[in-house]
Amino acid sequence: MSLKDKINSDLKEAMKSKDKIKLNTIRSIRALILEFEKSGSGKELSNEDEIKMLSSAAKKRREAIEQYKNAGRLELAQSEQKELEVIEAYLPKQLSEEEVLEKVKSFAAEVGAESKADFAKLMPVVMKNLKGQADGNLIRKMVEKVLG
């Protein structure tokens with residue numbers, strides 16, 4: 001089942017259950033898909049495009065959560081957290097810090113990266129292979145940890 005089909009199915013389900021947060025979040029994902037289709041690029045929505053779209057939406061929610069917490073608006077942070085959980089349900093399983101660290105170590109050995117000077121050599125390889133499976137900031141921290 002494609003992401004679009006799953007979204008449409010879940011949208012109907014959210015409407016029936018009257019879950020406002022899930023409904024609004026799914027509508028926002030659906031809007032991203034429709035925007036992509038109507039962009040005029042003429043290309044089909046690929047799995048990679050779906051992950052990119054969802055990762056971007058999840059990143060926006062994470063940033064909003066942080067902003068709301070810093071401003072002392074915990075009720076809005078909780079709302080964003082619930083939206084983030086809905087979005088993450090459509091993303092591939094996220095790797096833990098330990099799993100990311102192990103993968104970064106194996107990629108470092110693979111490309112021969114040993115010092116901070118090799119950051120530019122290692123980071124693109126890790127990002128390409130872990131795309132959608134872990135947050136970019138976490139990946140960067142783990143790469144710096146392995147090289148530093």
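Give the Kirkwood hydrodynamic radius (Å, one decimal) of the range 33-148, defined as one over the mean of 1/r across all pairs of different Cα atoms.
Working: mean 1/r = 0.0627 Å⁻¹.
The answer is 16.0 Å.
Where does each of 69-76, 23-30 land if you order them by average Cβ count within 10 Å, highest first?
On the way: 69-76: 11.1, 23-30: 18.9.
Packing order, densest peptide first, comes out as 23-30, 69-76.
By counting other Cβ atoms within 10 Å of each Cβ, how are Leu34, Leu91 ranked from fewest to most? Mind showing how you got there, number by number?
Details: Leu34 11, Leu91 15.
Listed from fewest to most nearby Cβ atoms, that is Leu34, Leu91.
What length, rounded to one decimal in nm, is gained on full extension from Arg73 through to Asp5, with 0.36 nm per residue of separation minus their alpha-carbon distance? List each step's numbers first, then the result.
Details: separation 68, 0.36 × 68 = 24.48 nm, distance 3.50 nm.
Full extension of this stretch gives 21.0 nm more.
Would you mind checking the tilt of helix 3-17 against the longest principal axis of the Cα atoms of the chain, expressed as 0 to 90 degrees and rounded to 10?
50
Only four residue types carry charge here, +1 at the Cβ of Lys and Arg and -1 at the Cβ of Asp and Glu. Report the dipole size of the chain about the Cα centre in Debye, rounded to the nearest 20.
Values: 29 positive and 26 negative charges, 89 e Å.
The dipole of the chain has a size of about 420 debye.
Which distance in Å, rounded to a whole number, links the C-alpha centroids of the range 1-52 and the range 58-88?
The range 1-52 and the range 58-88 have Cα centres separated by 20 Å.
Which order do Asp10, Asp19 fall in if you start with the one that has the fewest other Cβ atoms within 10 Å?
Numbers: Asp10 19, Asp19 15.
Least crowded to most crowded, the residues run Asp19, Asp10.
Remind me, relative contact order of the chain in percent, using alpha carbon pairs under 8 angstrom and six or more residues apart?
Working: 123 pairs, mean separation 30.3, N = 148.
Reported as a whole number, the value is 21 percent.
Please check which bits of the range 128-145 a label hung off Glu110 would reach, taking the label as a point 7 Å along Cα-to-C-beta and the cut-off as backbone N under 15 Å.
Within reach of a label on Glu110: 128-134, 143.
How far apart, in nanometres, would the label points at Lys93 and Ala31 be if each is projected 7 angstrom from Cα along the Cα-to-Cβ direction?
3.3
Throughout, read-outs are computed from the coordinates displayed, never taken from laboratory work. Worth saying up front: this structure is predicted, and the values here are computed from it rather than measured. Please note: Cβ atoms are built from the backbone with ideal geometry, for glycine as well, and neighbour counts cover all protein chains shown.
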